[in-house]
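Pasting a structure below so you can have a look.
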Amino acid sequence: MKISQLFSAPNQLTLLRMVFVPFIIINLADQHYLWALSLFILAGLSDGLDGLLARALKQQTLLGQYLDPIADKLLLSTTFLVLSILHKIPWKFTVVVFSRDISILGVSAVLYAIAGLRDFRPSVFGKANTFSQLAAVVFVMLFEIDRSRWVYLIRWACLRATFTFTILSALHYIYLVGVRLRALHPHSASTSPPI
């Protein structure tokens, strides 16, 4: 992996997203929700921008494929955890989010080690899950700034959508793993031991 990949514009934006995380957490801990929300939205915008830049500048790199989901998980999982510690997000949502992410990370590591499998691109359920998590965090923080009923209702809907899409995307990931493993060993599934 070339070190020059680190200095491409999309990867620099991804690294910048990771730099935002401690400042978001500091502002949440100090109950400066407007600052935390502003930084979180900037970080979220950088997520979309780095992908667009990578395609427009033809700077899609192997490093970027690994860095981008790491930055996303660091941003979202850490923010979910801190908001639960501050009693702004019920723990059941954070536990589901963390359980899925840790399970996928563990399964991916094992599959890479035993079968060399990698390159699990995000599915439509995975993308919906990421979007619902981003929206949930935004509206949870916005509710601390503006206690309007419409903010409360969208916050409620986004948290439930996160719960649903987290489970659906985990099940879909398991299905994709099965498909990839069967593609690697097409005969093992069809052969059965003699009776």
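The values are calculated or read from the model by the stated rules, or taken from the named source; none is laboratory data. All values derive from a computational prediction rather than experimental measurement. Here Cβ is always computed from backbone atoms with ideal geometry, including for glycine, and neighbour counts include all displayed protein chains.
If you scan the range 23-33, which residues turn out to be part of a helix (DSSP H, G or I) and either polar (S, T, N, Q) or within 14 Å of VAL137 (Cβ to Cβ) (or both)?
Of everything in the range 23-33, those that are part of a helix (DSSP H, G or I) and either polar (S, T, N, Q) or within 14 Å of VAL137 (Cβ to Cβ) (or both) turn out to be ILE24, ILE25, ASN27, LEU28, TYR33.
A further question on this structure: Since THR78 meets every condition but one in (1) farther than 21 Å from CYS158 by Cα; (2) modelled with pLDDT of 85 or more, which condition does it not meet?
The failed condition is (1).
Would you confirm, using the coordinates I've provided, whether ALA157 is at pLDDT below 95, small (Gly, Ala, Ser) and either out of contact with any Phe, Trp or Tyr (no Cβ under 8 Å at 6 or more places or on another chain) or under 17 Å from GLY44 (Cα atoms) (or both)?
Here the answer is no, as ALA157 does not meet what is asked.
Residues of the range 160-174 being over 18 Å from LEU105 (Cβ atoms) and either at pLDDT below 85 or among the β-branched types (Val, Ile, Thr) (or both), which ones?
THR162, THR164
Collect the residues in the range 134-165 that are part of a helix (DSSP H, G or I) and hydroxyl-bearing (Ser, Thr, Tyr), keeping them in residue-number order.
Of the residues in the range 134-165, the ones part of a helix (DSSP H, G or I) are 134-145, 149-165.
Once the filter is applied, which keeps residues that are part of a helix (DSSP H, G or I) and hydroxyl-bearing (Ser, Thr, Tyr), the range 134-165 yields TYR152, THR162, THR164.
So, one more: Residues that are closer than 26 Å to ASN11 by Cβ and modelled with pLDDT of 90 or more: does the range 90-97 have at least one?
Scanning the range 90-97 turns up at least one residue that is closer than 26 Å to ASN11 by Cβ and modelled with pLDDT of 90 or more.
What about ARG182, is it surrounded by fewer than 17 Cβ atoms within 10 Å (Cβ to Cβ), closer than 30 Å to SER38 by Cβ and among the charged types (D, E, K, R)?
The answer is no for ARG182.
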